[in-house]
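Read the structure below first, then the notes.
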Amino acid sequence: MSRKLDEIAASLADKGDDAQRLELVQRARRFKRSWVEMAEALVHVRATRAYERWGYADLYAYCQAELQIRKGTVDKLTGSFVALRAHAPEVLQRDGVAQPIPTVDAVDYFAQALRATRDGDGDAEAEPQHPPGVIAELRSAVFDDNENVVSLRRRFNPVLHPKPEGAGEVEALDKTRAAARRLENLLSECPGVTKKRVAEVQAALDHLQEDLDALVSRARDRTRSVA
């Protein structure tokens, strides 16, 4: 990707093309160092529809062809920047060195929590459905403590994305079934084990699979009834 962006930047510079257009490519080259800078530029391009004067039908087509940034990444960047600007504008003044900037994944996690609004309109500035204390705690974890997204998921997923009652039981049973299938597949490849012993274990595994299938079916029925 870097080589392609270098080629595009050189071509635009040689042609003396639109300065804003060249700046976007240069920002894409610095993307990993400063996602906020890239995201801010993309939000501005989207708002002004600058991509149209560059010959593109929409922002996604422009980003894919000229910045080598896919649609999913465009949405993550722009959505995260809008949430950042609305809920933690002071972060935009940080230098990224002495004052660290949260990762785009962490801010995206925060933005997704905000998008889960009561009316489901996806407005980053709307009041979320989660308890205010949880959102405030999440905001502090992202913007004050600079927690990474793995830590955020471990800490907040049980509250923001709770599993339905019984889901843990189904998950545990599914893992047990998978382990039993793996053991069954390995039996024939295990040297030194007699055919008689293999047959005995195979029979026991067959009964275990039947029991597990019945348990999983009942657990899923209970989960659906609760939901």
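Which of the residues that make up region 161-176 are modelled with pLDDT under 85 and in a helix (DSSP H, G or I)?
The initial filter retains those residues of region 161-176 that are modelled with pLDDT under 85, namely 161-174.
Residues satisfying the conditions are A167, G168, E169, V170, E171, A172, L173, D174.
For region 194-205, which residues satisfy the criterion of being part of a helix (DSSP H, G or I) and either among the aliphatic types (A, V, I, L, M) or open to solvent by 70 Å² or more (accessible area, probe 1.4 Å) (or both)? So that I can check it myself, show each step before the final result.
To start, the set of residues in region 194-205 that are part of a helix (DSSP H, G or I) comprises 195-205.
Answer for region 194-205, where residues must be part of a helix (DSSP H, G or I) and either among the aliphatic types (A, V, I, L, M) or open to solvent by 70 Å² or more (accessible area, probe 1.4 Å) (or both): K195, K196, R197, V198, A199, E200, V201, A203, A204, L205.
State which residue is surrounded by the most Cβ atoms within 10 Å (Cβ to Cβ) when the search covers only region 55-71 and only residues that are of a type in the set (D, E, K, R) and over 24 Å from L114 (Cβ atoms). So that I can check it myself, show each step before the final result.
Keep residues of region 55-71 that are of a type in the set (D, E, K, R), which gives 58, 66, 70-71.
Then drop every residue that is not over 24 Å from L114 (Cβ atoms), which leaves 58, 66.
Working: D58: 13, E66: 20.
For region 55-71, the residue satisfying everything is E66.
Residue under question is V74, and the condition is that it be in contact (Cβ under 8 Å) with a residue 40 or more places away in the chain, open to solvent by less than 40 Å² (accessible area, probe 1.4 Å) and β-branched (V, I, T); does it hold? If you could, list the steps in order and put the result at the bottom.
Values: in contact (Cβ under 8 Å) with a residue 40 or more places away in the chain: no; open to solvent by less than 40 Å² (accessible area, probe 1.4 Å): yes; β-branched (V, I, T): yes.
No: the conditions fail for V74.
Here is a check on your reading of the model: is E37 closer than 26 Å to R139 by Cα and without any contact (Cβ under 8 Å) to a residue 12 or more places away in the chain? Please lay out each step first, then the result.
Working: closer than 26 Å to R139 by Cα: yes; without any contact (Cβ under 8 Å) to a residue 12 or more places away in the chain: yes.
So E37 passes the test.
The values are calculated or read from the model by the stated rules, or taken from the named source; none is laboratory data. This one's a predicted model, so the numbers in the text were calculated from it and none came from an experiment. We place every Cβ from the backbone using ideal geometry, glycine too, and count neighbours over all the protein chains shown. What goes into the accessible areas is simple: the full protein's heavy atoms, side chains included, and nothing from ligands, DNA or RNA. Shrake-Rupley method; radii C 1.70, N 1.55, O 1.52, S 1.80 Å.
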